[in-house]
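Below is one structure; the comments refer to it alone.
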Amino acid sequence: MHTKFSCFLILLVLSMSMLPRAHGAPQSGGDFSENPQAKKLPTETILVKGAWSSASDSLTPIPEGGRVANHVYSNPYFGISFALSPDWTEKYSGPPPSDSGYYVLAQIRPADTFKGTTRGSILIAAQDLFFTLTTARNALELINYTKDKLNADYQVEQQPKLVTIASRSFVRFDYVSPVAELRWHVLATQIRCHMVQFVFTSRDTKLVENLIQEMNKMSLPEEAGPISGRGGGDFPVCVKDYASSENVMERVDPIFTERRFNPVPVRIIINQEGKVKHIHFLSAFPDQAAAISDALSQWRFKPYVRDGHPVEVETGIMFGRAPRTTTPRPPSAATE
Amino acid sequence: MKTVKLASVLAILAALLVPGMAFAQIDPGVRSGTGVNAGQPFPSVTASPNDLAFFQTGLAQFNEHQTVTGNNPGLGPRFNLDSCGTCHSQPATGGTSPASGIFPFVGSNPQSQVIANGVVNGSTNTIPFFVLANGPVREARFPFFFDRFGNANPNAPNGGVEDLFTVSGRSDAGSCSLQQPSFDAARAANNIIFRIPTPTFGTGLMANIDDSTLIANHGAQGSNNLGISGTFNHNGNDGTISRFGWKAQNKSLMIFAGEAYNVEMGISNELFTQDRPLPGEDQLGSGLPANCLNLAGTGYPEDITHSDGTSASTVTSDVGLFNAFMQFLDQPTPSTTSPGGATSIANGRRLFSAIGCATCHTPSLTTQASKLTLGLSHATANLFSDVEIHHMGVGLADNVSQGGAGGDQFRTAPLWGLGQRIFFLHDGRTSNLLSAIEAHESNGSEATQTELNFDQLLTPSQRQDILNFLRSL
């Protein structure tokens, strides 16, 4: 009798355990949850990133590492420190670097405390000249390209001309939209083979001129200039296409596990011994970054020699799909 | 004297308030004074009896209601609705989400009527919390799978469509018994996002823009002083630019149709050949139970090319007909005068371009030669899109990755036909055009600077011109 009862109980438990599966009742997991007190995922957070920027270490400054703090925009990579007026602020940070080497470094606008009657904005941006979609070889050429490609909505107010800002040479270019009655004032220089630009937009020229005057308090590296900024000093020298065959002594190609079709622009710093010291992925999927890191750690370069001494050199390599230029590129950038 | 003083006060108040009110820009709303300006085939299709037959058969198939068994079999076992045309219906078949009480009065959200209309059984299905009578039509996705404790697991990306309804309890569904996904728990865990139907007007033109045209346009926008960059999503098989869907994840209209037939209606076809379980049932479980398979009793795939057909359009599969219908749908016709008048619209168009909106929302691109119909050949597609994907920031991010697009990247939504759309943005979160524009700025968005130009630097009357222009499309 006891055995029969035990068998009955076992059968009962078994049949009950089969019930949910037979009727497709939800199990926690997958698409189903019966947890009314589930931990909430954070709001307004990008948890699933596509191709994104990353670096081989967190200590070496990278272009997108600049910040606005205490009314000062500081960017250790470019060696820039730009004090903002107290009533101007960064409300929203920019997107990650693009796969053509474009950076939104900061977007400055009047704070809620701003008392002025007209408003404006300051966009601080950079374009990596190793990966630009244009044929420009330096910041001056890139500004001229912008001027040449300006669409019919705008009129040129100030042809590109050289100006001095904070004891450094910049190129200034102004244009206006008659219908919007807005003016764009672009001041650009070149640092570490990037065009670094400050774009002021407003309908109030006086406001903008005052803001441009405040740029004179900015600190910039000595190399800054519309053509000259190719590193050196406290930074590695930057050389376009240094990772070409004549300088690469050992090379291992990355093994990609997934077939993708995105451009993967990579900046590397090569040390005095010819080894890759730092890798900055402007835009790469994590698996692409891992494969490229593995490969680059095995590359060996001829040390870059300046004034008879090996020095660190920074260069760019495009992995993945080739960059899309709209016209044939001219010969490579001026070399030292 | 008192009367004089009161009149003076009123006059001052009026002077202060009325101009402000007059210049407070507003969304003019769905354009209703110009009739329905979308949904017609290309004139070259109308002129060709064979092409027109394809278009009309495709239109009829697009509007057909599917059942589990019977004359139009294959529905389910999971689905979002039983017909293409009920979701893609505003302002005409092929469009997007309808709403009752708004021109052209297509009707209330059909998903809210599925129990009343007998499409699903009310004892086995409930209407999810996000389906409301006044719309929009929505599909749901869980960005992440739940773990065994019922918490969303950020290390387990999901992102697939969680179909709203099941066939369980329908008289033609046999013993198939399925549970709806845990929508309420997903809401509690902040693990649910929505998508609304994309309009299909003019999509044949989009399909016929060569990659080289898109690449040249990308290059031309390469130095814009607006913080905008953008990139393309690519087809994983041949590496060419994909272009359909909210994240440009689909290469062609045929794939778009085949996937939708499978995912939204549960109908297997020659492109997607199996009945589709939920993502978790598929990837973490054992798939659909045996008693939910082959419910139509026809075998698989449920939609096929008919070798016994007697004409081209009766031989063609449903998916092929959807494809023909969408390819032959002409682009919407904008108004030059409504709303706000010709001057305001023209001014708004110039402002739209001047402040940077047109950098992504490229007004027009030219198609290549077409073998299909003259209307698709060397035509100007006024799509207002660059077909690129852009980072839209944390405010719009849905944490769903599709192809090369990450959690905050979306295809520039084509704006043609916007004047007669009701719901905006990928999830239909707003019906207010101004709110949709404002949603373009947030941390990490490429459009922040342009939105700032619109919101902070234009005058109210200039902003109104842009709204009028957009509602003229």
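Out of segment A:185-210, which residues are away from chain B (no Cβ under 14 Å), open to solvent by less than 30 Å² (accessible area, probe 1.4 Å) and not hydroxyl-bearing (S, T, Y)? Show your work before the answer.
As a first pass, look at segment A:185-210 and keep what is away from chain B (no Cβ under 14 Å): A:189-193, A:206, A:209-210.
If we keep only those that are open to solvent by less than 30 Å² (accessible area, probe 1.4 Å) as well, we get A:189-193.
Selection gives A:Q190, A:I191, A:R192, A:C193.
Go through segment B:116-138 residue by residue and tally those that are at negative phi and open to solvent by less than 50 Å² (accessible area, probe 1.4 Å).
The initial filter retains those residues of segment B:116-138 that are at negative phi, namely B:116-117, B:119-134, B:136-138.
Now narrow it down to the ones that are open to solvent by less than 50 Å² (accessible area, probe 1.4 Å): B:119-122, B:125, B:128, B:130-131, B:136-138.
Going through segment B:116-138 one residue at a time, the tally reaches 11.
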Residues located in segment B:260-313, provided they are open to solvent by 30 Å² or more (accessible area, probe 1.4 Å), more than 29 Å from B:G58 (Cβ to Cβ) and assigned to a loop (DSSP other than H, G, I, E, B) = B:L284, B:G285, B:S286, B:P289
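What's the total number of residues in segment B:126-152 that are assigned to a loop (DSSP other than H, G, I, E, B) and touching a residue at least 60 places away in the same chain (Cβ under 8 Å)? I'd like the intermediate steps shown before the answer.
Going through segment B:126-152, the residues assigned to a loop (DSSP other than H, G, I, E, B) turn out to be B:126-138, B:142-143, B:147-151.
After this cut, where a residue has to be touching a residue at least 60 places away in the same chain (Cβ under 8 Å) as well, the list is B:130, B:135-138, B:142-143.
Number satisfying all stated conditions: 7.
So that you can scan it fast, the table gives a plain yes or no per residue for (1) away from chain B (no Cβ under 14 Å); (2) under 27 Å from B:L452 (Cα atoms); (3) in a loop (DSSP other than H, G, I, E, B):
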residue	(1), (2), (3)
A:Q37	no, no, yes
A:F82	yes, yes, no
A:P86	yes, yes, yes
A:G94	no, yes, yes
May I ask you to list the residues in segment A:117-157 that are in a strand (DSSP E or B) and either at pLDDT below 95 or in contact with a His (Cβ under 9 Å, 6 or more places away or on another chain) (or both)?
-> A:A126, A:Q127, A:D128, A:E157
Those residues of segment A:104-116 which are surrounded by 19 or more Cβ atoms within 10 Å (Cβ to Cβ), more than 9 Å from chain B (Cβ to nearest Cβ) and either assigned to a loop (DSSP other than H, G, I, E, B) or under 16 Å from the mean Cα position of the chain (by Cα) (or both), in sequence order | A:L105, A:A106
Of all the residues that make up segment B:139-185, how many are open to solvent by less than 10 Å² (accessible area, probe 1.4 Å) and of a type in the set (D, E, K, R)?
-> 2
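Here is a check on your reading of the model: is A:G101 touching a strand residue (DSSP E or B) at 6+ places or on another chain (Cβ under 6 Å), open to solvent by less than 10 Å² (accessible area, probe 1.4 Å), at the interface with chain B (Cβ under 10 Å from one of its Cβ atoms) and under 27 Å from A:F235 (Cα atoms)?
Values: touching a strand residue (DSSP E or B) at 6+ places or on another chain (Cβ under 6 Å): yes; open to solvent by less than 10 Å² (accessible area, probe 1.4 Å): yes; at the interface with chain B (Cβ under 10 Å from one of its Cβ atoms): yes; under 27 Å from A:F235 (Cα atoms): yes.
Yes.
Just checking, which of B:N158, B:N121, B:N125 is more than 12 Å from every other protein chain (Cβ to nearest Cβ) and either under 27 Å from the mean Cα position of the chain (by Cα) or among the acidic types (D, E) (or both)?
Details: B:N158 fails: more than 12 Å from every other protein chain (Cβ to nearest Cβ); B:N121 fails: either under 27 Å from the mean Cα position of the chain (by Cα) or among the acidic types (D, E) (or both).
After ruling out the rest, the residue left standing is B:N125.
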Out of segment B:135-155, which residues are among the aliphatic types (A, V, I, L, M) and more than 9 Å from chain A (Cβ to nearest Cβ)?
-> B:V137, B:A140
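Among the residues in segment A:150-157, are any farther than 27 Å from A:E222 by Cα and of a type in the set (F, W, Y)?
First pass over segment A:150-157, keeping only residues farther than 27 Å from A:E222 by Cα: A:150-157.
Those left that are additionally of a type in the set (F, W, Y): A:154.
The answer is yes, given that some residue of segment A:150-157 is farther than 27 Å from A:E222 by Cα and of a type in the set (F, W, Y).
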Count, please, the residues in segment A:150-184 that happen to be open to solvent by 50 Å² or more (accessible area, probe 1.4 Å) and under 24 Å from B:L458 (Cα atoms).
-> 9
If you scan segment B:365-395, which residues turn out to be open to solvent by 10 Å² or more (accessible area, probe 1.4 Å), touching a His at 6+ places or on another chain (Cβ under 9 Å) and without any contact (Cβ under 8 Å) to a residue 60 or more places away in the chain?
-> B:A369, B:M392, B:G395
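Among the candidates A:F32, A:F82, A:F114, single out the residue that is modelled with pLDDT of 95 or more and over 30 Å from B:Q179 (Cα atoms). Let's see the steps before the verdict.
Numbers: A:F32 fails: over 30 Å from B:Q179 (Cα atoms); A:F114 fails: modelled with pLDDT of 95 or more.
When all the criteria are applied, what remains is A:F82.
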Out of B:F183, B:F244, B:F272, report the one residue that is within 14 Å of chain A (Cβ to nearest Cβ), out of contact with any His (no Cβ under 6 Å at 6 or more places or on another chain) and not hydroxyl-bearing (S, T, Y).
-> B:F183
Flagged pairs (Cβ under 7 angstrom, 6 or more apart or on separate chains; first in segment A:86-109, farther than 18 Å from B:E441 by Cα; second of a type in the set (S, T, Y)) are A:D87/A:T113; A:D99/A:S283; A:D99/B:T231; A:S100/A:T132; A:S100/B:S229; A:G101/A:T132; A:Y102/B:S229
If we keep only residues of segment B:51-102 that are open to solvent by 10 Å² or more (accessible area, probe 1.4 Å) and among the β-branched types (V, I, T), then the residue farthest from the chain's Cα centre (by Cα) is B:T69
Hey, among A:A243, A:A224, which residue is farther than 23 Å from A:I80 by Cα and in contact with a Ser or Thr (Cβ under 7 Å, 6 or more places away or on another chain)?
-> A:A243
Looking at A:F285, is it more than 27 Å from A:R137 (Cβ to Cβ), touching a His at 6+ places or on another chain (Cβ under 7 Å) and touching a residue at least 12 places away in the same chain (Cβ under 8 Å)?
-> no
Evaluation of B:N235 against (1) touching a strand residue (DSSP E or B) at 6+ places or on another chain (Cβ under 6 Å); (2) crowded, with 19+ Cβ neighbours inside 10 Å; (3) of a type in the set (S, T, N, Q) (one fails), failing number | (1)
Restricting segment A:123-149 to residues that are open to solvent by 60 Å² or more (accessible area, probe 1.4 Å) and either among the aromatic types (F, W, Y) or more than 9 Å from chain B (Cβ to nearest Cβ) (or both), the residue that is nearest to A:P63 (Cα to Cα) = A:R137
Among the numbered conditions (1) outside any loop (DSSP other than H, G, I, E, B); (2) open to solvent by 50 Å² or more (accessible area, probe 1.4 Å), tell me where B:F105 comes up short.
-> (1)
Within segment B:436-473, the residues that are free of Cβ contacts under 8 Å to residues at least 60 places away in the same chain and under 26 Å from A:G116 (Cα atoms) are B:I437, B:E438, B:A439, B:H440, B:E441, B:S442, B:N443, B:E451, B:L452, B:D455, B:Q456
Give segment B:374-388 a look and list any residue that's small (G, A, S) and within 16 Å of the chain's Cα centre (by Cα), or say none.
-> B:S385
Identify all residues within segment A:39-64 that are at the interface with another protein chain (Cβ under 7 Å from one of its Cβ atoms) and of a type in the set (A, V, I, L, M); write none if there are none.
-> A:L41, A:I46, A:L47, A:V48, A:A51
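In segment B:190-224, how many are part of a helix (DSSP H, G or I) and of a type outside the set (A, V, I, L, M, F, W, C)? Even if it seems obvious, please write down each step before you answer.
At the first step, the residues of segment B:190-224 found to be part of a helix (DSSP H, G or I) are B:203-207, B:211-220.
Those left that are additionally of a type outside the set (A, V, I, L, M, F, W, C): B:203-204, B:211-213, B:217-219.
So the answer is 8.
When you scan segment B:238-251, how many residues do you find that are open to solvent by 20 Å² or more (accessible area, probe 1.4 Å) and farther than 23 Å from B:H440 by Cβ?
The initial filter retains those residues of segment B:238-251 that are open to solvent by 20 Å² or more (accessible area, probe 1.4 Å), namely B:238, B:240, B:246, B:249, B:251.
Right, trim to farther than 23 Å from B:H440 by Cβ and you get B:238, B:240, B:251.
Counting residues in segment B:238-251 that are open to solvent by 20 Å² or more (accessible area, probe 1.4 Å) and farther than 23 Å from B:H440 by Cβ gives 3.
What number of residues within segment B:204-224 are open to solvent by 10 Å² or more (accessible area, probe 1.4 Å) and either over 24 Å from A:Y102 (Cα atoms) or in contact with a Leu (Cβ under 7 Å, 6 or more places away or on another chain) (or both)? Quick ask: steps written out before the conclusion?
Within segment B:204-224, the first condition is being open to solvent by 10 Å² or more (accessible area, probe 1.4 Å), and the residues that meet it are B:207-208, B:210-213, B:215-218, B:220-224.
Adding the requirement that they be either over 24 Å from A:Y102 (Cα atoms) or in contact with a Leu (Cβ under 7 Å, 6 or more places away or on another chain) (or both) leaves B:207-208, B:210, B:213, B:217, B:222-223.
So the count comes out to 7.
The values are calculated or read from the model by the stated rules, or taken from the named source; none is laboratory data. Bear in mind that the values here come from a model prediction, so they are computed numbers and not experimental data. Positions of Cβ are generated from backbone atoms using ideal geometry, with glycine treated the same way; all protein chains shown enter the neighbour counts. The protein model used for the area step is the full one, side chains on, heavy atoms only, and it has no ligands, DNA or RNA in it. Shrake-Rupley method; radii C 1.70, N 1.55, O 1.52, S 1.80 Å.
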